[in-house]
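The values are calculated or read from the model by the stated rules, or taken from the named source; none is laboratory data. Everything numeric in this text was worked out from a predicted model, so none of it was measured. Cβ sites come from the backbone with ideal geometry, for glycine too, and all protein chains shown count toward neighbours. Please note that ligands, DNA and RNA were not included when accessible areas were found on the heavy atoms of the full protein model with its side chains. Shrake-Rupley method; radii C 1.70, N 1.55, O 1.52, S 1.80 Å.
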Protein chains: 2
Amino acid sequence: MAKQQKTAITPTRAEDYPEWYQQVIKGAELAENSPVRGCMVIKPWGYGIWERLQRQLDDRIKATGHENAYFPLLIPLSFMEREAEHVEGFAKECAVVTHHRLEERDGKLHPAGELEEPMIIRPTSETIIGDTFAKWVQSYRDLPLLINQWANVMRWEMRTRLFLRTSEFLWQEGHTVHATEEEAVEETLKMLEVYRELAEEVVAMPVIVGEKSIGERFPGADMTYSIEGMMQDGKALQAATSHYLGQNFSKAAGIRFLDEGGELQYGYTTSWGMSTRMIGGLVMSHGDDDGLRVPPKLAPKQVIILPVIPKDEHRNEVLEYCRELEKDIAALSYDDEKVRVSIDARDIRGGEKSWQWVKRGAPLRIEVGPRDIAEQKAVLYRRDQGPKDKEFCEKRALINRIPALLQEVHENLFQQAAQFRDQHIRTDITSAAQLREYFTDGDEDSLKGFIRAPWCEEQETEATLAEMKLSVRCIPLQQEQGGTCILTGKKAEREAIISRAY
Amino acid sequence: MAKQQKTAITPTRAEDYPEWYQQVIKGAELAENSPVRGCMVIKPWGYGIWERLQRQLDDRIKATGHENAYFPLLIPLSFMEREAEHVEGFAKECAVVTHHRLEERDGKLHPAGELEEPMIIRPTSETIIGDTFAKWVQSYRDLPLLINQWANVMRWEMRTRLFLRTSEFLWQEGHTVHATEEEAVEETLKMLEVYRELAEEVVAMPVIVGEKSIGERFPGADMTYSIEGMMQDGKALQAATSHYLGQNFSKAAGIRFLDEGGELQYGYTTSWGMSTRMIGGLVMSHGDDDGLRVPPKLAPKQVIILPVIPKDEHRNEVLEYCRELEKDIAALSYDDEKVRVSIDARDIRGGEKSWQWVKRGAPLRIEVGPRDIAEQKAVLYRRDQGPKDKEFCEKRALINRIPALLQEVHENLFQQAAQFRDQHIRTDITSAAQLREYFTDGDEDSLKGFIRAPWCEEQETEATLAEMKLSVRCIPLQQEQGGTCILTGKKAEREAIISRAY
């Protein structure tokens, strides 16, 4: 029996996937639980990834003609009452503000100053933004109205997990108004495509782009679309959504405009969002048993230079060589930005330091010791390869290769995830019985994957799936043929992706 | 008598300054009141200014070694109780969350699911961040800990005014821990200098840098410093603050570290913040009777090209000339970024369109009509000059001058504000009686300014000033000599700035 290799993360993915997830986040110093139930503290390395994700998406949101704005954190209860399905969807999990000051009694603080109307902390902002849009939109000349907001939102989740499901999370929410249904649907799909591009070209996470089933729609939407990634335990993660809201919210908020013919019409609205949940997807797409692997476009540091100083007499020489290397690398560009490179000259053991960067997932590490200097060399480690795989490089050649290496790491991460995903999509399961058998074989955390099969799209069948702890993740936009519904045996126009999900 | 010139903003500053402020914000489409009491909607042009202010400050915060992170929106009441002065300062104005879901009864929504411990929406985050820092800091090797957060905060203000005082506002709050008092004080002053640089070099707002009096300190701080600008009604605006917190918050939260000698010590902490209030300061520093004037480094659009199309047959030719101009200008750089230029080709009256950009305060406007094209010319309007002052320019020469023109506008705005400020600082008032006489001459909104005078720094004297609706704005860091206290006649070591304030 082969000697088991020691890994930086305990347990491994195979041993205990949910616990591995927590340990990768801890090892990479991405985030931690806070004393406030379900709210996390996002630590600098995790927040640095979020900032880059924000910048990448924000650039794309602006390039497609949207402008950022900011709306209130609090929503009066009466606003929530205006859209019945919407309140149904969010009433069970929202933080309610009822007082506006504190009073000391018996040496303790108590809420005081009761509000006439309680307010909730926004779980999403359709209602409060809709109220403002009703004032901004008067004529067809005011349309389309294309607005985005970066904000924190709160949903009082009962079972929380860092990044994947937290009471407070950070996100962007786009909200638009259009004169016609056609335009609004086009917008919904345009932003869905922006999310696909972000996921695949920035996060290096392959996704399936599709339409949500009725049961999985956003509360109040006519249509919901999503991008779905496959995590390394075979479960699906909904990584972003885009909703066509029809006239539901414009009727609730009174968003009306005079059309070119002078008739008063309700606008057609959309909303779409991407959140810190994406970082959970990143961890579960690319993490390995040694920790996180950050896709290069998102890495707060893309290249880490580690000076190796066996004796104190080498210090100056090694550090100077490292600083030159850093300067040369910092002058390079990758993905239209300067390469982010740092020397880690902290005075701690070299092994400990290296492993920290492995666990954090910096794409490239370069070690430099006294002997490398003599030969004008350096040692390269790539995070997409084994932690001990190294390459001795001529210094100048290495510098020149950095942008290409970063792109290679990006592509490798994408390819590895795509290959894993494609190997775990089954298209040969044709009945509910087979479906049940497949998913009940082994324990609940055993690696399964996605089933792609024809589905009749009848809402009642979603309950059957729910009993098996499964759901329709999406009806992919790319369809080849329909067939016989896996659940009912009826004729099915389209195929669906069915799986376990986060 | 000279004919009164028509202005784009009614009333003018001289007629009714507070109303002028509201009208400038409305005319520039910066923000508006929301249905949630005291919370504003920040509109795209206002948010665009904020985004640039954020980027400018964020770059400086990072360049001084700080990292961004994110902490919970909610703070348990028990955390607030830990620092007595702090809770005293914020208890009277905070939003309290008491329930975590809504229930429908009698066709209406009601709060349900009472929390065991109520929580407040952060008015500032010393207590919740302190709790986390207590875990992060163990040894002197963990120090200094240099963290910043961009966030929304909430203070339930009774009298609100867009940007200047709102229940919810956006800000950054830096929080740091140091091993020694000396280092922490150095940090406090370093960030104060960052704020001065931001105010003067980015917002073009001259400020006085100084120490706050005891009565004006942040609740729980040992020392508070601020930058104070003079608005065009002579009142002071505190535009950012930096606090040395001593060991008060580290004792409250238990932030302790083992020093190099193996002794357990409490850390020394600082905090410092800049908020959307700065935009209120920008409006009141640079706005004129025709609307806003945005300092070029913050303008979402720095150059607006306005095509003049007298007849439809000119349309293509004019638009093509404008597009070329736009392309050439967009290739230029100013303040290390590409120049932000746009064509406004909306199909509305030219006069209305021009005035919109005057009111929004775009630094440069360029008009192009058919006759300009024949001569390869264009017409330049600068927002730092009169709205009708124009310059006929040779196209190529104009393009080449754009970066320098933007810098000229920046410097002009700064100079105008500095000159106004310096003309309204009086140093010849030497007694409380004179002070009272000066400030009670005319109505409450009449233009006064700052008094600079020796002050004994005794806290009781602040009440005397409060009776006169005045306060010590700061004790400037730059001191020449002390003298006899303006209020008590005692010996005074330093001079103070005394004025009305926002």
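So which residues in the stretch B:474-487 are in a loop (DSSP other than H, G, I, E, B) and open to solvent by 60 Å² or more (accessible area, probe 1.4 Å), if there are any at all?
Within the stretch B:474-487, B:L477, B:Q478, B:E480, B:Q481 qualify.
Can you give me the ranges of the strands (runs of 3 or more DSSP E) entirely in the stretch B:361-473 with at least 3 residues that are within 30 Å of B:L306 (Cα to Cα)? Talk me through it step by step, then tell me what you get.
Details: elements: B:364-368, B:377-382, B:390-394, B:450-455.
The qualifying strands (runs of 3 or more DSSP E) are B:364-368, B:377-382, B:390-394.
Can you tell me which residues in the stretch B:462-492 are under 24 Å from B:R196 (Cβ atoms) and of a type in the set (G, A, S)?
Passing the criteria: B:S471, B:G482.
Can you say whether A:G261 is free of Cβ contacts under 8 Å to residues at least 24 places away in the same chain and either over 29 Å from A:Q56 (Cα atoms) or aromatic (F, W, Y) (or both), as far as the supplied structure shows?
yes
Give the stretch B:68-102 a look and list any residue that's of a type in the set (V, I, T) and touching a helix residue (DSSP H, G or I) at 6+ places or on another chain (Cβ under 9 Å), or say none.
Selection gives B:I75, B:V87, B:V96.
Name the residue, out of B:A28, B:A63, B:A91, B:A69, that is over 17 Å from A:I120 (Cα atoms), at pLDDT below 95 and of a type outside the set (S, T, Y).
That would be B:A91, the only listed residue that is over 17 Å from A:I120 (Cα atoms), at pLDDT below 95 and of a type outside the set (S, T, Y).
What are the residues in the stretch B:75-106 that are more than 8 Å from chain A (Cβ to nearest Cβ), more than 24 Å from B:G38 (Cα to Cα) and open to solvent by 60 Å² or more (accessible area, probe 1.4 Å), if any?
B:R82, B:A84, B:E85, B:R105, B:D106
Checking A:V24 against (1) closer than 20 Å to A:G351 by Cα; (2) open to solvent by 40 Å² or more (accessible area, probe 1.4 Å); (3) in the same structural domain as A:M278 (by TED's automatic domain parsing), which test does it fail?
Unmet for A:V24, out of (1) closer than 20 Å to A:G351 by Cα; (2) open to solvent by 40 Å² or more (accessible area, probe 1.4 Å); (3) in the same structural domain as A:M278 (by TED's automatic domain parsing): (2).
Hey, could you check the stretch B:46-72 for residues that are open to solvent by 20 Å² or more (accessible area, probe 1.4 Å) and within 11 Å of another protein chain (Cβ to nearest Cβ) and say which is farthest from the chain's Cα centre (by Cα)?
B:E67
So which residues in the stretch B:27-36 are surrounded by fewer than 20 Cβ atoms within 10 Å (Cβ to Cβ) and in contact (Cβ under 8 Å) with a residue 24 or more places away in the chain?
Selection gives B:E29, B:E32, B:N33.
Scan the stretch B:2-18 and give yes if some residue there is open to solvent by 10 Å² or more (accessible area, probe 1.4 Å), within 12 Å of chain A (Cβ to nearest Cβ) and hydrophobic (A, V, I, L, M, F, W, C), otherwise no.
Filtering the stretch B:2-18 for residues open to solvent by 10 Å² or more (accessible area, probe 1.4 Å) gives B:2-8, B:10-18.
Restricting the remaining residues to those that are within 12 Å of chain A (Cβ to nearest Cβ) gives none.
The answer is no, given that none of the residues of the stretch B:2-18 is open to solvent by 10 Å² or more (accessible area, probe 1.4 Å), within 12 Å of chain A (Cβ to nearest Cβ) and hydrophobic (A, V, I, L, M, F, W, C).
Determine which member of the set B:G267, B:G220, B:G215, B:G287 is in contact with a strand residue (DSSP E or B) (Cβ under 7 Å, 6 or more places away or on another chain) and in contact (Cβ under 8 Å) with a residue 24 or more places away in the chain.
None of the others qualify; the one that does is B:G267.
What are the pairs, 6+ residues apart or on separate chains, where a residue within the stretch A:397-424 that is on the phi < 0 side of the Ramachandran plot has its Cβ under 8 Å from a residue that is open to solvent by 70 Å² or more (accessible area, probe 1.4 Å)?
A:H424/A:L447
This table checks each residue for (1) closer than 21 Å to A:V472 by Cβ; (2) assigned by TED's automatic domain parsing to the domain that holds A:L470; (3) not charged (D, E, K, R).
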position: A:E411; (1), (2), (3): no, no, no
position: A:Q416; (1), (2), (3): no, no, yes
position: A:I429; (1), (2), (3): yes, yes, yes
position: A:Y438; (1), (2), (3): yes, yes, yes
position: A:D443; (1), (2), (3): no, yes, no
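Could you tell me whether A:K43 is more than 9 Å from chain B (Cβ to nearest Cβ) and either under 25 Å from B:I121 (Cβ atoms) or free of Cβ contacts under 8 Å to residues at least 60 places away in the same chain (or both)?
no
Got a number for residues in the stretch A:107-117 being more than 7 Å from every other protein chain (Cβ to nearest Cβ) and among the hydrophobic types (A, V, I, L, M, F, W, C)?
Qualifying residue count, the stretch A:107-117: 2.
I'd like the residue in the stretch A:142-157 that is buried (at least 18 other Cβ atoms within 10 Å of the Cβ) and part of a loop (DSSP other than H, G, I, E, B) and, out of all such residues, is nearest to the other protein chains (Cβ to nearest Cβ).
This residue is A:W156.
Go through the stretch B:158-177 and give me each residue that's facing chain A (nearest Cβ under 10 Å), within 21 Å of B:L282 (Cβ to Cβ) and either open to solvent by 30 Å² or more (accessible area, probe 1.4 Å) or charged (D, E, K, R) (or both).
B:E168
Could you please tell me which pairs satisfy a Cβ distance under 9 Å, a separation of 6+ or placement on different chains, a first residue in the stretch B:177-204 that is at positive phi, and a second residue that is not in a helix (DSSP H, G or I)?
From the stretch B:177-204, the pairs are B:A204/B:P295.
Say whether the condition of being under 28 Å from A:A199 (Cα atoms) and touching a residue at least 12 places away in the same chain (Cβ under 8 Å) is met by at least one residue in the stretch A:95-106.
no
Is it the case, given these coordinates, that A:L292 is in contact with a helix residue (DSSP H, G or I) (Cβ under 9 Å, 6 or more places away or on another chain), closer than 26 Å to A:E51 by Cα, open to solvent by less than 30 Å² (accessible area, probe 1.4 Å) and in the same structural domain as A:L162 (by TED's automatic domain parsing)?
no
Would you check if A:E313 is in a helix (DSSP H, G or I), farther than 30 Å from A:M468 by Cα, of a type in the set (D, E, K, R) and open to solvent by 10 Å² or more (accessible area, probe 1.4 Å)?
Yes: the conditions hold for A:E313.
Under the condition of being exposed (fewer than 15 other Cβ atoms within 10 Å of the Cβ) and among the polar types (S, T, N, Q), which residue from the stretch A:379-438 is farthest from A:K235 (Cα to Cα)?
A:N400
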